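Reading through the C-alpha cells given below for one structure.
The values are calculated or read from the model by the stated rules, or taken from the named source; none is laboratory data. Here the structure is a predicted model, which means the values were calculated and not measured. Cβ coordinates were reconstructed from backbone atoms using ideal geometry, including for glycine residues, and neighbour counts include every protein chain displayed. Just the protein is used for accessible areas: all its heavy atoms, side chains included, with ligands, DNA and RNA removed. Shrake-Rupley method; radii C 1.70, N 1.55, O 1.52, S 1.80 Å.
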Amino acid sequence: MDKETMLKEIESRLKVVNKGMLNPDDFSDAHQEEIAEYHKMVTSRNEISPMEQTAILEELSKLRK
C-alpha cells in the first residue's frame, strides 16, 4: 500500500480536522515503514482514545520533511 493511501486512511480513522497535516507530499518515502506501522495500529483497532489520537498525530508530525 502506498503512503498516500495509508495517510488518508489514518486521517479518516482519526477524524483529523486539519486535512493538510497528513499531506503525503510532506512525508519522505524513507518513512514508509513507520507510516505503515501507524496505519496498521490505527486500522486494527475499533476505538482510539483522544489521548492516543494526539500521540499518534504528534509522532507522525515528527516524520514530516
(request) Please list, in chain and number order, the residues 5+ apart from Phe27 or on another chain whose amide H is under 5 Å from its amide H, with Hs placed from the backbone. (result) Lys65
(message) Rounded to the nearest percent, how much of the accessible area of the chain (1.4 Å probe, protein heavy atoms only) is carbon and sulfur?
(response) 49
(request) Express the accessible area of the chain per residue in Å², computed with a 1.4 Å probe while the remaining protein chains stay in the model. (result) 67
(message) Leaving ligands and nucleic acids out of the surface, order Met21, Met51, Met6, Met1 by accessible area at 1.4 Å, largest first.
(response) Met51, Met1, Met21, Met6
(request) Read through the labelled values [x] 24, 29, 18, 14, 10, 4, 1; [y] 22, 63, 15; [z] 16, 30, 33, 16, 5, 0 and report the label of the one computed as P(r) over Cα pairs in 10 Å bins from 0, in percent from the structure. (result) [y]
(request) Could you work out how far apart the two model spin labels at Asp2 and Arg64 are, taking each label as a point 7 Å from the Cα in the direction of the beta carbon, and quote it in nm? (result) 2.1
(message) Could you report the accessible area of Ser49 in Å², rounded to 10, computed with a 1.4 Å probe on the protein chains as they sit in the structure?
(response) 40
(request) Specify the angular offset, from 0 to 90 degrees and rounded to the nearest 10, of the alpha carbon long axis of helix 50-62 from the longest principal axis of the alpha carbons in the chain. (result) 10
(request) Show that you can apply the helix-only estimate: for the chain, add -39,500 (n - 2.57) for every DSSP H stretch of four or more residues, divide by all residues, and state [θ] at 222 nm to the nearest 500. (result) -18000 deg cm²/dmol
(message) Helix 32-44 against the longest principal axis of the chain: what's the angle in degrees, Cα atoms only, rounded to the nearest 10?
(response) 20
(message) Placing unit charges on C-beta atoms (Lys and Arg positive, Asp and Glu negative, everything else neutral), compute the dipole magnitude of the chain about its Cα centre in debye, rounded to 20.
(response) 200
